[in-house]
Amino acid sequence: MNNYILKNGTVYLDGQFVKKDLAIVAGKVSFSIPSNTSSFIVVDCLNKHILPGFVDVHVHLREPGFSYKETIKSGTTAGASAGYSAVFSMPNLKPVPDSVENLMVQKNIIDSDAVIKVYPYASITKGQKGERLSDLEQLADYVLAFSDDGVGVQDDNMMKQAMQIAKSRDKLIVAHCEDNSLLNGGYIHDGEYAKAHGHKGISSASEYKQVERDLELVKQIGVKYHVCHVSAKESVSAIRKAKSEGVNVTAETGPHYLVFDDSMLKEDGAYKMNPPIRAKEDRLALIEGIKDGTIDMIATDHAPHSAEEKSNGLKSINGIVGLETAFPVCYTKLVKGGEISLEKLVALMSQNPSKRFGLDIEINEGRTANLCVFDLENEYKIRSQEFYSKGKCTPFDGMEVYGKCLMNFTDGKLVYPK
């Protein structure tokens, strides 16, 4: 393992930026810089920022079962190139990780192929079918959280039972909130664009009604609860109210919900995801939510598909890729756009998810090096065909952005560039 000195950088320490030299010795952070640096690789980080590694709690790595879309190796390589130290992999796989045996199929690939840390979710229900619970008691020894992302748990009592088990084992319930009875065949937001272009709309109620149901259950049970990909203003309001009442809830939203609204939609599969891009007032409510702490983190919902699967416009399969665009898009649109500070963005993408999910990713003396070096003045055009991810479908393709990852150390090792 090589030792490094990162000189002249602007380092994120305890919530603020300071000019400081930093060494990585045997994989650990040190602020004691030796006088003899002959055994170190010295990197001049003048005008560069050194950030704690990002954490994405919502990523679809597609393996096992759908490796034509993405593999653990390609997905984590994409994450490494974008500054991520850790990602959480969603359970819509084959086999679904609803038992220890099925989880181990994925875990073995992670152990052999992952470039950065991968924390798999176990599914809440068997096969994610919502009919009976997965082997939650046994799975709790191997995962940090349970999720059925991709589908909402429709049965109130089943969600209640899952929360009770998760509470007893000190695990998070990570919920995709969607009431199937309110979908009515919709596939984009039930707003002005859908009406003007003859599309079937998905109501915001299909999301926020299940958020409200779950929050009532969390009040009763006291489980640690996290809401996936919040898109609707009513969901933001419900979460804000619950937090004011002391409910143990956190929430995420995605970069695409913070940047786009349905007035910006195009007849293109790159704008097709679930939940859908909603109205301007929803987007503004989400931005207000990240400002006031209602929304705790930004997660990508990185969901790669084949080009063919994304070729049917707004009727394409749901999902876009996001790992390689998240930081530059958010830095350009939110920080340079004057909405939030860089410190706030680092909290949203690294410190808040790390703390909520029980990780130890911060820059400090003696800590394992999980950090990335960014050139925030590097302006470039997003080119999806150059992604490390096998998925290329993103509404950010062609956007001019700032912020390029130059180096990524994860678990003390240089994982990007290799």
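The values are calculated or read from the model by the stated rules, or taken from the named source; none is laboratory data. Keep in mind it's a predicted model, so treat the numbers as computed, not measured. FYI the Cβ positions are ideal-geometry reconstructions off the backbone, even for glycines, and counts take in every protein chain you see. Ligands, DNA and RNA are stripped out before the accessible areas are found, and what is left, the full protein with its side chains, is counted by its heavy atoms. Shrake-Rupley method; radii C 1.70, N 1.55, O 1.52, S 1.80 Å.
Brief remarks follow.
- Taking the numbered list (1) open to solvent by less than 70 Å² (accessible area, probe 1.4 Å); (2) in contact with a Lys or Arg (Cβ under 9 Å, 6 or more places away or on another chain) in turn, residue 48 passes all entries but (2).
- Residue tally, condition of a type in the set (A, V, I, L, M, F, W, C), under 16 Å from residue 58 (Cβ atoms) and in contact with a Ser or Thr (Cβ under 6 Å, 6 or more places away or on another chain), over the range 320-365: 4
- Test for residue 121: is it among the aromatic types (Phe, Trp, Tyr) and either within 22 Å of residue 249 (Cβ to Cβ) or out of contact with any helix residue (DSSP H, G or I) (no Cβ under 7 Å at 6 or more places or on another chain) (or both): yes
- Listed by first and then second residue, the pairs with beta-carbon distance under 6 Å, at least 6 apart or on different chains, first residue in the range 383-400 and in contact (Cβ under 8 Å) with a residue 12 or more places away in the chain, second open to solvent by 40 Å² or more (accessible area, probe 1.4 Å) and basic (Lys, Arg), are 384/392; 400/381.
- Subset of the range 54-76 that is surrounded by fewer than 23 Cβ atoms within 10 Å (Cβ to Cβ) and polar (S, T, N, Q) - its residue that is nearest to residue 310 (Cα to Cα): 67
- Residue 341 vs. criteria free of Cβ contacts under 8 Å to residues at least 24 places away in the same chain and polar (S, T, N, Q): yes
- Checked against the criterion of being small (Gly, Ala, Ser), open to solvent by less than 10 Å² (accessible area, probe 1.4 Å) and in contact with a helix residue (DSSP H, G or I) (Cβ under 9 Å, 6 or more places away or on another chain), the range 251-258 contains one or more residues that satisfy it.
- Restricting the range 52-77 to residues that are out of contact with any Phe, Trp or Tyr (no Cβ under 7 Å at 6 or more places or on another chain) and hydroxyl-bearing (Ser, Thr, Tyr), the residue that is nearest to residue 28 (Cα to Cα): 76
- Residue that is most open to solvent (accessible area, probe 1.4 Å), among those in the range 209-233 that are within 16 Å of residue 159 (Cα to Cα) and touching an Asp or Glu at 6+ places or on another chain (Cβ under 6 Å): 209
- None of 261, 268, 282, 292 is surrounded by 18 or more Cβ atoms within 10 Å (Cβ to Cβ), among the charged types (D, E, K, R) and touching a residue at least 24 places away in the same chain (Cβ under 8 Å) except 282.
- Residue in the range 157-164 that is under 25 Å from the mean Cα position of the chain (by Cα) and at positive phi present: no
- Exactly one residue among 184, 180 is under 26 Å from residue 88 (Cβ atoms), open to solvent by 10 Å² or more (accessible area, probe 1.4 Å) and free of Cβ contacts under 8 Å to residues at least 40 places away in the same chain, and that residue is 180.
- In the range 349-365, residue farthest from the chain's Cα centre (by Cα) [restricted to those that are over 21 Å from residue 147 (Cα atoms) and open to solvent by less than 40 Å² (accessible area, probe 1.4 Å)]: 363
- Pair list, Cβ under 9 Å, 6 or more apart: the range 306-323 residue more than 14 Å from residue 75 (Cα to Cα), other residue open to solvent by 60 Å² or more (accessible area, probe 1.4 Å) and assigned to a helix (DSSP H, G or I): 314/197
- Of everything in the range 234-249 that is part of a helix (DSSP H, G or I) and open to solvent by less than 30 Å² (accessible area, probe 1.4 Å), the residue that is farthest from residue 176 (Cα to Cα) is 242.
- Counted residues, the range 16-35 - those being in contact (Cβ under 8 Å) with a residue 60 or more places away in the chain and among the polar types (S, T, N, Q): 2
- Answer residue from the range 1-24, given it is hydrophobic (A, V, I, L, M, F, W, C) and surrounded by fewer than 19 Cβ atoms within 10 Å (Cβ to Cβ) and is farthest from the chain's Cα centre (by Cα) among those: 1
- Any hit, the range 300-318, residues being open to solvent by 20 Å² or more (accessible area, probe 1.4 Å), within 23 Å of residue 236 (Cα to Cα) and not in a loop (DSSP other than H, G, I, E, B): no
- Those residues of the range 91-137 which are under 18 Å from the mean Cα position of the chain (by Cα) and either more than 20 Å from residue 303 (Cα to Cα) or in a loop (DSSP other than H, G, I, E, B) (or both), in sequence order: 91, 92, 93, 114, 115, 116, 121, 123
- Here residue 175 passes the criteria (1) among the hydrophobic types (A, V, I, L, M, F, W, C); (2) free of Cβ contacts under 8 Å to residues at least 40 places away in the same chain; (3) within 24 Å of residue 275 (Cβ to Cβ) except the one numbered (2).
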